[in-house]
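I have placed the structure first, in the form of structure tokens, so that the comments after it can refer back to it.
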Ligand SMILES: Nc1nc2c(ncn2[C@@H]2O[C@H](COP(=O)(O)OP(=O)(O)OP(=O)(O)O)[C@@H](O)[C@H]2O)c(=O)[nH]1
Ligand SMILES: [Mg+2]
């Protein structure tokens, strides 16, 4: 499927439920009253864009004199431009390609899509001719290793794991050892999303970091936080905790296809200040795309 189609499909719900309704609010002939702005504000907040950025966008619209026959069109164009401006600086990130292996640790609450995202990224890297290794440092959940192995098979890459109950930091250490010995270009470290307590989880993730750094100073070179777009503001609070405790360098936002709350992209930027690097738009191997502000805005507003 083309990138355009993926974004178009991935943002279909957000577009239908939020951004397509701008035309209903600012109908031609209607007086441009406070009420209309309130309706638009409610829509933006409903999309999970967050209160702060919604108010900021509305203020900007108010400061511009809207008039003429096509006010809705004007509003759409202004929002489109501003949202794109807000998000454009997101696109600059690249991996340290000079480091070998590049170690990417993948963290996030259970069920957000960590393992799936690793499978998709493994496939993309494999297609670029890179040697990829996956490591299962989730030894808490019994089926975690098998699930990662299935993805490894699909992506045609190698995977290392140990028995359930093994020390996850030791798995990570050994995996990095193996990655170095085998001359891998990238090592993805999958981690648990849930332990007995949240404190345990954070401590375990910190320990994995320390041990990776011991084996290869500077590793992990990137820490990818996987966030589920359908969990809205709740997901943002979790993200904040991971960012404070473990450290996060980039975000993958999954399940955008399953929600009308695509405004969450703006909230992540505004409230967390973290770059969204990848967006998941389905369960298949190909359904992960690099974040792109222009494509995102195109998907939000559709073809005009
Ligand atoms: N629609 C959709 N579903 C997704 C996406 N990413 C992941 N999923 C689904 O979300 C569910 C959970 O994904 P996992 O990859 O197992 O999540 P996890 O974070 O590894 O979960 P734990 O290992 O339990 O912490 C699976 O059913 C995936 O197919 C996405 O971008 N879109
Ligand atoms: Mg998993």
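Every number in this text was worked out from the coordinates using simple rules, so none of it is lab data. What you see is a predicted model, and the numbers here were worked out from it, not measured in a lab. All Cβ positions, even for glycine, are placed from backbone atoms using ideal geometry, and neighbour counts span all protein chains on display.
Mind running the shape call on the chain? Use the C-alpha gyration tensor, a ≥ b ≥ c as the square roots of the eigenvalues: rounded below 1.5 for a/c, prolate if a/b tops b/c, oblate otherwise.
prolate
Name the shape class, rounded, prolate or oblate, that the alpha-carbon gyration tensor gives for the stretch 176-273, where a ≥ b ≥ c are the square roots of its eigenvalues, rounded holds for a/c under 1.5, and otherwise prolate holds if a/b is larger than b/c and oblate otherwise.
Verdict is prolate for the stretch 176-273.
Between residue 156 and residue 233, take the C-beta separation as r, use R0 = 41 Å, and let me know the FRET efficiency to the nearest 0.05.
That pair, residue 156 with residue 233, gives E of 0.60.
Mind giving me the FRET efficiency for residue 285 and residue 31? R0 is 35 Å, r the Cβ-Cβ distance, nearest 0.05 is fine.
0.10
Which of 79, 256 has the fewest other C-beta atoms within 10 Å, and how do the rest follow up to the most?
By the 10 Å Cβ count, ascending, the order reads 79, 256.
Treating the angle as unsigned and between 0 and 90°, give the value, to the nearest 10°, between the Cα long axis of helix 144-155 and the longest Cα principal axis of the chain.
Roughly 80 degrees, rounded to the nearest 10.
Quick one: which of 188-196, 122-130 comes out on top by average Cβ neighbours within 10 Å, and what's the full order, highest first?
188-196, 122-130
Using Cβ contacts closer than 10 Å as the measure, can you line up 255, 100 from fewest to most?
So the ranking, lowest neighbour count to highest, is 100, 255.
Measure nothing fancy, just the Cα-based angle from helix 168-181's long axis to the longest principal axis of the chain, in degrees from 0 to 90, nearest 10.
Long axis of 168-181 versus the principal axis of the chain: about 80 degrees.
Between 142, 243, 72, find the one with the highest GNM mean-square fluctuation for the chain; connect C-alpha pairs within less than 10 Å.
Of 142, 243, 72, the most mobile in the Gaussian network model is 142.
Sort 177, 287 by Cβ crowding within 10 Å, fewest neighbours at the top.
Arranged by neighbour count, lowest to highest, 177, 287 become 177, 287.
Can you tell me how the stretch 59-150 classifies by the Cα gyration tensor, rounded, prolate or oblate, using a/c under 1.5 as the rounded cut?
Prolate.
Could you give the length gained on full extension between residue 77 and residue 3, defined as 0.36 nm per residue of separation minus the Cα-Cα distance, in nm?
24.4 nm
Angle between the Cα long axis of helix 114-127 and the longest principal axis of the chain, 0 to 90 degrees, nearest 10?
80 degrees
Given the options 73, 111, 29, which has the most mean-square fluctuation in a GNM of the chain, springs set between C-alpha atoms less than 10 angstrom apart?
Fluctuation is largest for 29.
Using Cα pairs under 8 angstrom and six or more residues apart, how large is the relative contact order of the stretch 1-131, in percent?
So the answer I get is 19 percent.
Gain in length, residue 244 to residue 63, computed as 0.36 nm per residue apart minus the alpha-carbon separation, to one decimal in nm?
61.5 nm
For the stretch 221-304, what's the relative contact order in percent, using C-alpha pairs closer than 8 Å and at least 6 residues apart?
26 percent
Compute the length gained on full extension between residue 16 and residue 55: take 0.36 nm times their separation in residues and subtract their Cα-Cα distance, giving the result in nm to one decimal.
Between residue 16 and residue 55, full extension yields 11.9 nm more.
How high is the relative contact order of the chain, in percent, counting Cα pairs under 8 Å that sit 6 or more residues apart?
28 percent
With springs only between Cα atoms under 10 Å, which of 65, 136, 159 fluctuates most in a Gaussian network model of the chain?
65
Set the Förster distance to 30 Å, then compute FRET efficiency between residue 203 and residue 147 from the Cβ-Cβ distance, nearest 0.05.
0.80
How would you order 144-150, 273-279 from highest to lowest mean count of nearby Cβ atoms within 10 Å?
Peptide ranking by packing, descending: 273-279, 144-150.
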